[in-house]
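The values are calculated or read from the model by the stated rules, or taken from the named source; none is laboratory data. Not measured: the values here are computed from a predicted model. So basically every Cβ, Gly included, is an ideal-geometry build from the backbone, and we count neighbours across all protein chains shown.
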Amino acid sequence: MIENFTYINADFPWFFAVFSFIFGATVGSFLNVCIYRIPAERSVVFPGSTCACGKPIAWYNNIPILTWVFLRGRASCCGEKFSARYPAIELLTAVLFYASWVMHPPVVAMIGFLFIAFLICSTFIDLDHMIIPDRFSIGGMLIGVLLSILFPSLQGVEGQPIIANIESGVHSIIGALIGAGLVYWIAVLGEIVFRKPAMGEGDVKFVGFIGAFCGWQGAVFAMFGGAFIGTLILLPVLLLGRIFGWKQRGGTSGSEAAEEE
Ligand SMILES: [Zn+2]
């Protein structure tokens, strides 16, 4: 099995790369369901996908990314409009799974799949409802520590089995503590400076989760790199908004997510 895998991977390097993209799109389709149903405390497995009109969606009308493109964003049963966010999340997951596969050794890449799925799910639930469920932040943190102990290569640790396992676990715990601690102190300072809560408890746990998977360097990068990239994207948008007088769309967009499930 492992030999077959190594053989295919060596001779057809594109095979698993393409597979990871398709797999990512499929997982992304499932994440759309999770993002919509988990905050509503409904099962993500049952019942299957139904349209807003109540009709079940046939499998051939539920193919990630492609269905939306072929049907031009409308349901085949009733012509109801589907948000472009669904294919966007599928495409995002596909691209990130592909990137994880080509950038990391197989085991780390597959742990990356799980990490990416957790990240996307919590990000969009946070956008819709301004909450990050504990099962993603705290649950993710525990899974990150556990996977680091089981697979030291996740934290870039090599060497004697048991020692490497312990070392990797320690790296992960330190990552979680530094990640969570950093956000906690930024939140405290932000509150002193701006006199209003800058970040929530959810963000503290969330960056702790990132640290558990990526180590403390990853958590620091997620914090400052994320803020930097966010500013790069947000500044032009705000500026253009000023110039063209776009209205700010405030509040949550939870109701928009009700179009498909
Ligand atoms: Zn319909």
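Quick notes on this structure:
- Positions within segment 78-114 being surrounded by fewer than 17 Cβ atoms within 10 Å (Cβ to Cβ), within 16 Å of the ligand (Cβ to nearest atom) and touching a residue at least 60 places away in the same chain (Cβ under 8 Å), in sequence order: 80, 81
- Screening residue 127 against (1) closer than 30 Å to residue 153 by Cα; (2) part of a helix (DSSP H, G or I) leaves a single unmet condition, (1).
- Residues of segment 98-129 satisfying the condition of being within 13 Å of residue 20 (Cα to Cα) and aromatic (Phe, Trp, Tyr): 98, 101, 113
- Within the set 136, 206, 124, 113, the sole residue that is touching an Asp or Glu at 6+ places or on another chain (Cβ under 9 Å) and within 25 Å of residue 86 (Cβ to Cβ) turns out to be 206.
- Residue check for residue 10: over 20 Å from residue 126 (Cβ atoms) and touching a residue at least 60 places away in the same chain (Cβ under 8 Å): no
- The one condition from (1) in a helix (DSSP H, G or I); (2) hydrophobic (A, V, I, L, M, F, W, C); (3) modelled with pLDDT under 90 that residue 97 does not meet is (3).
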